[in-house]
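See structure below.
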Amino acid sequence: MAIITINKEFGTNSQRVASKLAQKLEYEYIGDQLLAQIAKELNLSEHEAEAFLQTSKSSVLRLVDKYTCSIVQKVVDREHGCLDDKAYFEKTKELVEKLYTNDNVIILGWGAQCILKGKPNTLHVRLRKDHELKVSELAERQKMTKKAAEHKINADEEDLRAYIKEYFNTDWNDAGLYDLVIDMGKNSVMEAVDLIADNLKHKLKS
């Protein structure tokens, strides 16, 4: 019975890792892209949305209100990220704290490693990859120059780094925030899943 938080760098297959890990452990997984998708699916009347969330088989979804979904969707859909949207921080912090009481959940992003720092029964994971490898992979995948790929990666990661600094006054690279750091340039998605599952098993035993 635990909460796993996953913090990711650009291009680390974090959504696949979180999804496959959830399947392996039979945990529930929630992240900003998932909530944005839920928000679009909940493009219903307030009454219909409330009924959907209340009758959902997912205990996690029952903790999510339509307003939280819409705030997350707004941030995910726009180009400049979440740093300047305090409502995003407040709603996601509230949701992470609720999820902690729910147990058996994987949380991707949102600074959850900071919000739940020091809490019992938590495993905080960082997914990383060599910068040059990220640049070359993105350039090849999206048929762009390496300069353009580097600009995109730097902009994305700077927004995440600044978010952690602004709201938690800490460096997202601080090793003290994480129980496990995985190099996704050297490990496949399923290898990362197995590493996290093994570390969780050992942590819960200790």
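The set of residues in segment 16-53 being open to solvent by 20 Å² or more (accessible area, probe 1.4 Å), modelled with pLDDT under 90 and part of a helix (DSSP H, G or I) consists of 32, 33, 34, 37, 40, 41, 46, 47, 48, 50, 51, 52. Scanning segment 116-144 for residues being among the hydrophobic types (A, V, I, L, M, F, W, C), crowded, with 17+ Cβ neighbours inside 10 Å and in contact (Cβ under 8 Å) with a residue 24 or more places away in the chain gives a total of 5.
Filtering segment 177-187 to residues that are more than 18 Å from the chain's Cα centre (by Cα) and open to solvent by 50 Å² or more (accessible area, probe 1.4 Å) leaves only 186.
When the criteria are applied in full, residue 150 fails the requirement of being within 22 Å of residue 16 (Cα to Cα) and either open to solvent by less than 40 Å² (accessible area, probe 1.4 Å) or without any contact (Cβ under 8 Å) to a residue 40 or more places away in the chain (or both). Of all positions in segment 159-172, at least one carries a residue that is at pLDDT below 90 and among the basic types (Lys, Arg).
The values are calculated or read from the model by the stated rules, or taken from the named source; none is laboratory data. Keep in mind the model is a prediction, meaning the values are calculated, not measured. Cβ: placed from backbone, ideal geometry, glycine included. Neighbour counts: every protein chain shown. Accessible surface is based on the protein model in full, side chains and every heavy atom, while ligands, DNA and RNA are left aside. Shrake-Rupley method; radii C 1.70, N 1.55, O 1.52, S 1.80 Å.
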